[in-house]
Amino acid sequence: MDNVKVTKLSERSIKAQVIVFIVIAITLMIFVLSFVTSSGVNQQYRQLMLKNAMQITEGLAKQAVFSVLSGSEQNAQDAMEQVQGFESVSAARILSDNYQPFISRGEFPKSIQDHHSHLLSTNISVETDDFWFITSPIVIKIENNEDDSGELGFENTQVANEVIGYAEVVYSKSHLIEAQTQLTLLIALVGLISIIILSFVMHFGLVKLFIPLRNLAVTMQLAETTGEYVFAENTGAKEIKSMAHAFNSMMKVLKKQENDIKRHRDRLESEVKVRTSELIEARDAALTASRHKSEFIANMSHELRTPIQSIIGYGELVTEELELEGQFDLIDDMDRIAKNSQRLLNMINSLLNLAKVESGKVDVSIAEVDLEGLILTISDTISPLASRNNNTFSIVQNQKVSTLQTDKEKVEQVLINLLSNACKFTENGEIIFTINNSENFIEFIVKDSGIGLTKEQQIYIFEEFRQVDSSQSRKFSGTGLGLAISKAFVELINGTIIVESELGKGSVFVVKIPAQ
Amino acid sequence: MTHIKSIFNYFFLLSLLFLSNYSYSNIANKVTVIYPDINAPYDKIFSQIIEGIRSEFKGEVITLKLPRTFDRQKVFKNISTKKIIALGKRGMGIVKDIYQEKSVVVGAFPLTPNKISGVSLMASPTALFNSLHELAPQVKIINVVYSKSSAWLMEEAKEEAKNKGITLKAIPVEDIKMAVQAYNDLFKNTKSKNVAIWLPLDPITANEKIIVPAILEKAWEKKIVVFSSKPTHAKRGALFSALPDNESLGKQLVTLMKTVNNNNNVSVVKPLNSIQLAVNLRTAAHLGYNYQPSMVSDFTLIFPK
């Protein structure tokens, strides 16, 4: 609960907090002041009354000397009546030197009726919450004028003061208590009124003092909510004026900065527009050029295939003729022609495929594929290639399905490409072809222990016409289109292809395609 | 030659005698007045007494002022004369030790007959009764309560009362208690209006704090004449009180010194004969006395002022 209150107070305005703080301080101060004043005045009043009581008793003792000496009660009556005239005197009596009552007035409390004090000066004999019981000795005093008039007097003959009796007075504290209570109430009332008046004065004073601060806060809030650059009035106390001045300066700077930013933005926007239009033009030109290139490659590939196929066909006829004529020495040359022609045809086919992919002319024909048949075809194709570089080729089948819905030709081409690359770049190693499947995907993993790839190579390996480097290109023949075409085919059938490799330790290519 | 020698011797002896007489008379004509150094208005009393001494004494008057505290031995060394007049309580204190070696008289002190001579501050009953007769002529009975300090005046008082045809009831007491009881009885038994109470200069029977206020109050109630030997009592309500005539007192002291010297320093104490009067006219009016202006003009002090 206290925390809630504190939080609420701390969340209030500085004006409210200052007023609360000052009111609490004033209240405490006036409370302490009232308490101290009340205690002090009450103590003073008590001392005054006690002094009065002692003076009354002492006066009675002095007035009683003649009465006690003469033994005449009559002589003491006036003094007793005079003492009883005091409101607070509830009882008084005169005792002889052997404590025999000489004259008594009023009712003595039972507790002190027989109380006798052997005092040599006026003092309190008994004090209770209700009264003081004061005793004063009745003394015959030596006449000893210490002033200059004594020079004409007798020499002192009496040796000591003689106590001839006692005057006793019961002085009630009821008036004291009543007066103290009234005084305390009065001081408390004055204190309370002072607190209220001071609180009001402080409240109005502080409210007036904090008006400029509140206006400044409102202005700041307005600036925050609207986002506009509003300026505060430069009024109020020195600190508030400084704050307003600082705020206004900040607003000016922000406004200037925003104008600058707007200007820059406008210029940038115009520049971006120009650049964008230029880029669009460049892009369009590039796309047109690319399309023309693809069309050109497609056309050229098509045009190149026809004579190559003719060459291959006529080469085969020549080879058959030479075999029939027994000119075997020429057959080897013809084989070389056939082999290079076939290689040229493959290259042209690759270019044709790539051109088709880029120009979007590749058709995807999804059909049910027998997985076992696919793996068998691949195994038949790859096994001879693996043995060329003295590699071992193994197939690990973890799949739990036997068929999948996909474009068989493209999957087959991708996998053969990856495995033939593995065979090509691995010597005296091993190539492992693994097939896994999950509920929705089939995963083909081609792992080799070949030369591997660097991190940079792994980034650009799927780009067109890129082989790992020119030296490799020379060592390992190829167009550099295989992986680009593979990636394009995998993406056409909504699959993914990734590579993980370490230079000198081999590579792992993972092809993941939907099962359905 | 023998004659010439005898004549020379005669002149030589004559010269010696002359010189010794001159020296003696030079000392004999000096008196030291020892008096207290006090503030106004009381200092005036002593200056007036010294004035009286100077006017009466034919020789040189040397004054010796005593401060509140002093070295007694130094004071003794400063006293070079044989004749000493000691004034006040301090003067009395000094001469107590040397009165046997010197001619000493004491004044301005309530002296009682002892071994030292002087004029007491206690007014003479003759002077007092004369004043009483003048101011309250119908008083026929004078009551006086006395202790041993004022007892020496009673003989004179009785004699003077007898001469004036007044009854003097003198009651001896030993202490304040007895004095109070005596006064109490006195007031109880006094019904006549021709009665007066004499307050002598007595520390017991005229105790300032206990007895005087009570007596003045009761006397006022019963319209009894009170007269006193103490100057301040008139101011407090007595019909009249005696004031010393200071200059006369000075003269009286010089006269007494001559008497003492002539009687081989035999102690003589005399009451104050020359008195002036302080009269309380309000008390007088209360008692039914109305004095003529010519009479009032003779009073030294009048109360209320």
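Taken together, the values in this text are just the output of simple stated rules run on the coordinates, not laboratory data. Source: prediction; values computed, not measured. Note: ideal-geometry Cβ built from the backbone for every residue, glycine included; neighbour counts use all protein chains shown.
Computed 3J(HN,Hα) for the stretch A:307-320, one whole-Hz value per residue from the Karplus formula 6.51 cos²θ - 1.76 cosθ + 1.60 where θ = phi - 60°, is x, 5, 5, 4, 4, 4, x, 5, x, 5, 4, 4, 4, 5, glycine and proline marked x.
Mind checking the angle between helix B:2-28 and chain B's longest principal axis? C-alpha axes, 0 to 90 degrees, to the nearest 10. Orientation of helix B:2-28: about 20 degrees from the principal axis. Scanning residues 5 or more positions from B:T300 or on other chains, those with amide H under 5 Å from its amide H are B:L277, with H placed 1.01 Å from N in the peptide plane.
For the stretch B:152-157, backbone phi angles converted through the Karplus equation (6.51, -1.76, 1.60; θ = phi - 60°) give residue-by-residue couplings of 5, 8, 5, 4, 4, 5 Hz, Gly and Pro being listed as x.
Relative contact order (percent) for the stretch B:101-200, with alpha-carbon contacts under 8 angstrom and 6 or more residues of separation?
For the stretch B:101-200, the relative contact order is 29 percent.
Rounded to 0.05, the FRET efficiency of the A:E463 and A:K255 pair, given R0 = 60 Å and the Cβ-Cβ distance, is 0.75. Computing Rg and the Kirkwood Rh from the Cα coordinates of the stretch A:364-514 gives a ratio, Rg/Rh, of 0.95. Here the protein assembly as shown carries DSSP beta bridges of which approximately 55% are antiparallel, counting only pairs with both residues inside. Put a dot 7 Å past the Cα of A:L206, heading toward its Cβ, do the same for A:L185, and the two dots end up 3.3 nm apart.
Could you tell me the calculated FRET efficiency between A:T392 and A:N346, based on Cβ-Cβ distance and R0 = 30 angstrom, to the nearest 0.05?
So, using R0 = 30 Å, E works out to roughly 0.70.
Modelled spin-label separation between A:E491 and A:L119, with each label point placed 7 Å from Cα along the Cα-to-Cβ direction: 12.0 nm.
What would the Debye formula give as log10 I(q)/I(0) at q = 0.11 Å⁻¹ for the alpha-carbon point model of chain B, no solvent? These q points yield log10 I(q)/I(0) values of -0.72. When chain B is treated as a GNM with alpha-carbon contacts under 10 Å, the residue of B:E159, B:E221, B:E51 showing the greatest mean-square fluctuation is B:E221. Could you tell me which residue out of A:V41, A:H264, A:G360 lies farthest along the dipole of chain A toward its positive end? Charges go on the beta carbon: Lys and Arg +1, Asp and Glu -1, centred on the Cα centre. Positive-end residue among those listed: A:H264. Rounded to the nearest 10 degrees, the inclination of helix A:371-388 to the longest alpha-carbon principal axis of chain A is 70 degrees. Value of Rg to Rh for the protein assembly as shown, rounded to two decimals, is 1.70; Kirkwood radius and Rg both from alpha-carbon coordinates. One chain, two ends: B:N262 and B:K222. Fully extended at 0.36 nm per residue, the span grows by 9.4 nm beyond their Cα-Cα distance.
Longer than 19 Å from Cα to Cα, which of B:K115/B:K209; A:K356/A:K410; B:K230/B:K270; A:K400/A:K512; B:K148/B:K230; B:K30/B:K251 are they? Say none if no pair is. Over 19 Å Cα-Cα: B:K115/B:K209. Estimated purely from DSSP H runs of n ≥ 4, each contributing -39500 (n - 2.57), the mean residue ellipticity at 222 nm for chain A is -21500 deg cm²/dmol once divided by its residues. Grouping the Cα pair distances of the stretch A:300-422 into 5 Å bins from zero gives a pair-distance distribution of 2, 9, 13, 14, 14, 17, 14, 9, 5, 2, 1, 0 percent in increasing distance order. Given +1 at the Cβ of Lys and Arg, -1 at the Cβ of Asp and Glu and no other charges, the dipole of the protein assembly as shown around its Cα centre is 8420 debye to the nearest 20. Close amide H contacts of A:F441 (hydrogens built in the peptide plane, cut-off under 5 Å, sequence separation of 5 or more or a different chain): A:A515. Candidates A:N391, A:T406, A:I445 compared by Cα position along the dipole of the stretch A:385-471: farthest toward the positive end lies A:N391, with charges placed on Cβ.
Subtracting the Cα-Cα distance of A:Q74 and A:F441 from 0.36 nm times their residue separation leaves 118.4 nm of extension gain. For B:E155 and B:T63, FRET efficiency with R0 = 41 Å and r from the beta-carbon atoms, rounded to 0.05? Plugging the Cβ-Cβ distance into 1/(1 + (r/R0)^6) gives 0.70.
With the simple spin-label model, which puts each label point 7 Å out from Cα in the Cβ direction, the A:D97 to A:Q44 separation comes to 4.3 nm.
The phi torsions of the stretch A:503-512, fed into the Karplus equation with coefficients 6.51, -1.76 and 1.60 and a -60° offset, translate into couplings of 4, x, 10, x, 9, 10, 9, 10, 10, 10 Hz, rounded to whole numbers, with Gly and Pro shown as x. The Cα trace of the stretch B:87-181 gives Rg and Dmax of 16.1, 50 Å, the first to one decimal, the second as a whole number. Net charge dipole, the stretch A:364-514: roughly 400 debye, given to the nearest 20, about the Cα centre with Cβ charges of +1 for Lys and Arg and -1 for Asp and Glu.
Rounded to the nearest 500, the 222 nm mean residue ellipticity of chain B from helices alone is -14000 deg cm²/dmol, with -39,500 (n - 2.57) taken per DSSP H run of at least 4 residues. The alpha-carbon atoms of the stretch A:194-328 define a convex hull whose volume equals 254 cubic angstrom per residue. Subtracting the Cα-Cα distance of B:Q138 and B:S192 from 0.36 nm times their residue separation leaves 18.3 nm of extension gain. Toward the positive end of the charge dipole of the protein assembly as shown, with +1 on the Cβ of Lys and Arg and -1 on the Cβ of Asp and Glu, the farthest Cα among B:A284, B:A179, A:A92 is that of B:A284. With the biggest extent put first, the Cα atoms of the stretch B:123-269 measure 50, 32, 28 Å across the principal axes. Rounded to the nearest 20 debye, the dipole magnitude of the stretch A:199-265 is 200 debye, with +1 charges on Lys and Arg beta carbons, -1 on Asp and Glu beta carbons, and the Cα centre as origin. Near the amide H of B:K270, within less than 5 Å, lie the amide hydrogens of B:G118, B:V119, B:S120, all on another chain or at least 5 residues away, with H placed in the peptide plane.
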